[in-house]
Amino acid sequence: MHAARLDDQLCFALYTAQRTVTAAYRPLLDELGITYPQYLVLLVLWEDGPCSVSHLGERLQLDSGTLSPLLKRLEAVGLVARRRSADDERRVEVSLTEAGTRLEDRAACVPERLLAGSGASETELVELRDALKHLVRQMQ
């Protein structure tokens, strides 16, 4: 019997793909002064508008221990604001500041620039994304 080969493992292919894609985002996001995880938080806020920390955690599949430092840094640089809900003191609401809202226009070109640098067609990337979403649904 042969040992499993690293290059044959789905987990390793996903791991290297994730690292490669994240590295491709880095120079684009450096221009905006944000990190990849901060970009993901901002994407949710640009899409959904003001929301609770728990909503952000659900959308990004992050626990509050990971999300809180991200939000603290985004707040420190003036891109988001956090406040306790008037209805429920335990609930923290997150919203974009004016600077966070303005950043959306500058960030709008990120997906297009990433596509241009990928060497793949838009169709190929859409098919890959959809296959990955399907895999996640199947495994949950």
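Where a number appears in this text, it was derived from the coordinates with a stated rule and is not lab data. Since this is a predicted model, take the numbers as computed values, not measurements. A quick note on method: Cβ atoms are made from the backbone with ideal geometry, for glycine too, and the neighbour counts reach across all protein chains shown.
Extension gain for the segment residue 63 to residue 90, taken as residue separation times 0.36 nm less the Cα-Cα distance, is 8.2 nm to one decimal. Sparsely packed loop sites in the range 78-140 (the trypsin sites (Lys or Arg not before Pro) outside DSSP H, G, I, E and B with at most 15 other Cβ atoms within 10 Å) comprise 90, 91. Sparsely packed loop sites in the range 34-140 (the GluC sites (Glu not before Pro) outside DSSP H, G, I, E and B with at most 16 other Cβ atoms within 10 Å) comprise 89.
Projected label points at residue 140 and residue 113, each 7 Å from Cα along the beta carbon direction, are separated by 3.1 nanometres. Label zone (residue 17, point 7 Å along Cα-to-C-beta; backbone nitrogen cut-off 16 Å) within the range 113-140: 115, 118-140. A Förster distance of 30 Å, applied to the separation of the beta-carbon atoms of residue 4 and residue 24, puts the FRET efficiency at 0.60.
Taking square-rooted eigenvalues a ≥ b ≥ c of the alpha carbon gyration tensor, is the range 35-98 rounded, prolate or oblate, where a/c under 1.5 means rounded and, failing that, a/b exceeding b/c means prolate? Rounded, since a/c falls under 1.5. Measure out, as a whole number of angstrom, how far apart the alpha-carbon centroids of the range 22-41 and the range 60-128 sit. Measuring centre to centre over Cα atoms gives 10 Å.
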